[in-house]
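K.L.:
Got a structure here, written out as structure tokens. Questions coming.
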Amino acid sequence: MILEIADIRIHPGQQAAFDEAITRGLETVISKNAGCQGYKVNKGIESPERYVLQIFWTSVEAHNVGFRESPAFAEWRAIVGPFFASPPVVEHFELVTKSH
């Protein structure tokens, strides 16, 4: 399993609307992708315009090819993209260890 982490910065004062949009986008678009194994979103306390989106994928290819090269990516960006103050920083990670 691969973890995608997206560091998202949104426009000030848009938190409530973005909370709804990202939840809707994850539930209606991302979770429907065959390679998606789950997701989690956290928002900043000290930086309320900052969000960290974590999506678990079966592989990097499931994200970069299976999702990003599909029509679903444009649908996702149409839902969440208008809130972005700058392009999200996205990276992929492999698990080293975790608690039980």
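The values are calculated or read from the model by the stated rules, or taken from the named source; none is laboratory data. All of these numbers come straight from a predicted model, not from anything done at the bench. Every residue, glycine among them, receives a Cβ derived from its backbone with ideal geometry; neighbour counts consider all protein chains shown. In case anyone asks, the SASA skips ligands and DNA or RNA and just uses the protein heavy atoms, side chains included. Shrake-Rupley method; radii C 1.70, N 1.55, O 1.52, S 1.80 Å.
K.L.:
Checking GLU46 against (1) in contact with a Phe, Trp or Tyr (Cβ under 7 Å, 6 or more places away or on another chain); (2) on the phi < 0 side of the Ramachandran plot, which test does it fail?
P.N.:
(1)
K.L.:
In the range 6-47, how many residues are open to solvent by less than 50 Å² (accessible area, probe 1.4 Å) and touching a residue at least 12 places away in the same chain (Cβ under 8 Å)?
P.N.:
Residues that pass the stated criteria total 18.
K.L.:
Please work out which one of (1) within 13 Å of ILE8 (Cα to Cα); (2) out of contact with any Phe, Trp or Tyr (no Cβ under 8 Å at 6 or more places or on another chain); (3) surrounded by 11 or more Cβ atoms within 10 Å (Cβ to Cβ) is the condition GLN54 fails and give its number.
P.N.:
For GLN54, the exception is condition (2).
K.L.:
Just the residues that are part of a loop (DSSP other than H, G, I, E, B) and open to solvent by 60 Å² or more (accessible area, probe 1.4 Å), please, taken from the range 58-84.
P.N.:
Quick first cut of the range 58-84, residues part of a loop (DSSP other than H, G, I, E, B) only: 58-59, 68-70.
Scanning the range 58-84 gives THR58, ARG68, GLU69.
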